[in-house]
Amino acid sequence: MSNKINYSYVGIAFIILVFGIIFIPKIIDRVSKDDITRDESRSKDVSTIKKEEKSDLAYLEINGQPKKVPAFSFTNQDGKTITNEDYLGKVYVVEFFFTTCPTICPIMNRNLVQVQNHFKDFEDFGVASFTITPDIDTPEVLKAYADNYGIVNPNWHLMTGDEAAIYKLANEGFNLYTAKDETVEGGFEHSGNFALIDKEGFIRSRRDNFGNPLIFYNGLIPEADGKDDDGIPQEITILKEDIAKLLKE
């Protein structure tokens, strides 16, 4: 009986030895050629994708999670309903403005028109402009404003709708400060910054010298602070460079 058991052990050992001689070198060869990776058995989350497949632009993160554009639904200058779904697959810039703004909005939109013209051949580039005075800025008013500024990109939507929803989107959705204030010129306070959104709906930006996301792009850099060769403020040049990176993703 003991001899049979010993023969069984010998047979098993022989099979293991043969397996090792034949298959282990092949497995090692596949690993060395990257045919097998440790990620094959795991689904990739956004953090893995951005390290392996994305550009060097950072994600705005809240509690360690990349911040995505919240759902929204408003009416554009042509009277059409536009939602966040209409921007999926497109790189776009976000701003909050109002047509009667006497201060920063004209600067912001002149800069954005220059960006629009720079990417005129890209069907996957757009702009989302949300008015903070929807009671004044009807679709007809927004249409006239768009015509006056030379807004021609079909993916540039100037949107109006429920006031509370717009303010919530600005302050919570994009963290772009917006508030009524009768003490300031024009009666409203709002950020002069732009947010940049990638094709999957995530807020992106380049990093500062310490590796932290810049988060937003200043749309108000005055001419005295310097222009590039095209006469565009340097901050807008940075924005153009980062848009180009996202368009390639």
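The values are calculated or read from the model by the stated rules, or taken from the named source; none is laboratory data. Since we're looking at a predicted model, the values are computed, not measured. In this analysis, Cβ positions are derived from the backbone assuming ideal geometry, glycine residues included, and neighbour counts consider all displayed protein chains. All accessible areas refer to the heavy atoms of the entire protein, side chains included, with ligands and DNA or RNA removed. Shrake-Rupley method; radii C 1.70, N 1.55, O 1.52, S 1.80 Å.
Miscellaneous remarks
- Computed on the range 55-195, with alpha-carbon pairs under 8 angstrom and 6+ residues apart, the relative contact order is 28 percent.
- Spin-label model distance (nm) - Lys143 vs Thr100, 7 Å beyond Cα toward Cβ: 2.1
- Gyration tensor verdict on the range 67-182 (Cα atoms; rounded if a/c is under 1.5, prolate if a/b is larger than b/c, oblate otherwise): rounded
- Subtracting the Cα-Cα distance of Glu241 and Asn171 from their residue separation scaled by 0.36 nm leaves 22.6 nm.
- Ordered by 1.4 Å accessible area with all protein chains kept, Ile221, Ile136, Ile203 run largest first as Ile136, Ile221, Ile203.
- One chain, two ends: Leu88 and Glu53. Fully extended at 0.36 nm per residue, the span grows by 10.8 nm beyond their Cα-Cα distance.
- Largest-first ordering by accessible area, 1.4 Å probe, given options Tyr217, Tyr149: Tyr149, Tyr217
- Ligands, DNA and RNA aside, Leu57 has an accessible area near 10 Å² when probed at 1.4 Å.
- Annotation for Lys80 and Arg207: the two label points, set 7 Å from Cα along the Cα-Cβ direction, are 3.9 nm apart.
- Column: log10 I(q)/I(0), Debye, Cα scatterers of the range 113-180, q = 0.12, 0.21, 0.24, 0.27 Å⁻¹: -0.36, -0.94, -1.06, -1.13
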